[in-house]
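Everything on this sheet refers to the single structure shown next.
Each value in this text was obtained by applying a stated rule to the coordinates, not by laboratory testing. Everything numeric in this text was worked out from a predicted model, so none of it was measured. Because the Cβ atoms are built from the backbone with ideal geometry, glycine has one as well, and the counts that use them run over all protein chains shown.
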Amino acid sequence: MKTSRIALFAFVAIVGIGPVVGSGQAKAGSLDFLNHMNPQYTNCIASTRANIAPQYRDQRNVHDAIIDNCARRFPPFG
């Protein structure tokens with residue numbers, strides 16, 4: 001009885017892991033979704049950062065404000 005449970009568990013594990021290992025499109029940590037961002041959104045961020053005085057470009061609150069403003073005007077993935 002115990003060997004049949006182990007065999008059943010092994011079969012379920014192999015069947016469950018097979019699609020995950022064999023799948024070429026589901027990669028953890030992939031940043032491919034960034035290629036589908038709205039070009040107006042990325043241009044907004046780039047042009048706004050370029051127009052800011054250099055001493056303010058690296059401040060976190062300014063960076064967040066730029067992203068919030070551009071996200072309101074142009075949806076990032078729209």
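Brief remarks follow.
- Which numbered condition Met37 misses (of (1) surrounded by 15 or more Cβ atoms within 10 Å (Cβ to Cβ); (2) in contact with a helix residue (DSSP H, G or I) (Cβ under 9 Å, 6 or more places away or on another chain); (3) not aromatic (Phe, Trp, Tyr)): (2)
- Residues satisfying the stated conditions in the stretch 50-77, i.e. among the aromatic types (Phe, Trp, Tyr) and part of a helix (DSSP H, G or I): Tyr56
- Cβ-Cβ under 6 Å pairs, at least 6 apart or on other chains, the stretch 46-60 side farther than 18 Å from Phe74 by Cβ, far side assigned to a helix (DSSP H, G or I): Tyr56/Val62
- The set of residues from the stretch 49-64 being among the aliphatic types (A, V, I, L, M) and exposed (fewer than 13 other Cβ atoms within 10 Å of the Cβ) comprises Ala50, Ala53.
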